[in-house]
Amino acid sequence: MSEPPIPLGLPELFELPRERAEIAPGAVHVPGWLSLQQQRELLERCREWARGPVPLRHAVLPGGGRMSVRSVTLGWDWEPYRYVRTGEGKRALDMPPWLTGMGRRAVAEAYGPDSPDARAYRPDTALVNFYDATARMGMHQDRDEFSAAPIVSLSLGDACVFRFGNTETRSAPYRDVELRSGDLFVFGGPSRWAFHGVPRIRPGTGDPELGMKGGRLNITLRMTGRTAPAD
Ligand SMILES: O=C(O)CCC(=O)C(=O)O
Ligand SMILES: [Fe+2]
């Protein structure tokens, strides 16, 4: 008697390991870069930062619209569309040295430890974004920095669709990448000014072991290219 055929649908049961990928020149996705323990620690720190002194808040756009994402920053505060020393009259928390180090390790992971970008990387701001199930971020360029240094992005909690486009227009061609908890995404070099956005969160996809009730956190590390006043 012959063996029964292998049932179809295997990929749903046994997910293939996600591979590191260069999405565009200079744009590198490293799935699962952070261990669960590192994710837990980063989440704990995000919770502390969200308490202030500058609280987690919806940025208000110049036209009066409110961003659906809530954010808090370290090092410098950010308001559309510039870095400022104080937010709501209060000074942002300092950028902790361990986070600067994590940024350098991230760039080393993406481009190699001897790459000029990894050697020179000294992020002086972190932008922490919280997305609830319905939050989105439209296609934009990160161009408020006076520096061409790469952007380092870390994700926690629910997965999202991260849309990574081109440097010319906010529309196609682009590639959609699923960013999950613990993933690293670095974009610099020829992709530094690429349009990108988050069209969708995938609610309920986060690992319950992380201890996040729902939603997604994204932490981007950046070099503002600004000089801190001596205050
Ligand atoms: O949430 C993300 O993955 C991207 C966030 C982003 O593009 C930004 O904060 O400028
Ligand atoms: Fe961005």
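The values are calculated or read from the model by the stated rules, or taken from the named source; none is laboratory data. Quick caveat, the model's predicted, so the values are computed rather than measured. No Cβ is skipped: glycine too gets one built from the backbone with ideal geometry, and neighbour counts run over all protein chains shown.
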**OP:** Give Ser191, Ser115, Ser181 a once-over and let me know the one that is hydroxyl-bearing (Ser, Thr, Tyr), at pLDDT 95 or above and within 16 Å of ligand 2 (Cβ to nearest atom).
**Re:** Ser191
Subject >> Conditions (1) within 16 Å of ligand 2 (Cβ to nearest atom); (2) more than 18 Å from the chain's Cα centre (by Cα); number of the one not met by Asp94 >> reply: (1)
Original post:
Just checking, how many residues over region 169-192 are exposed (fewer than 15 other Cβ atoms within 10 Å of the Cβ) and in contact with a Leu (Cβ under 9 Å, 6 or more places away or on another chain)?
Top reply: 0
Original post:
Here are Arg66, Arg82, Arg143, Arg119: which of them is surrounded by fewer than 16 Cβ atoms within 10 Å (Cβ to Cβ) and in contact with a His (Cβ under 9 Å, 6 or more places away or on another chain)?
Top reply: Arg66
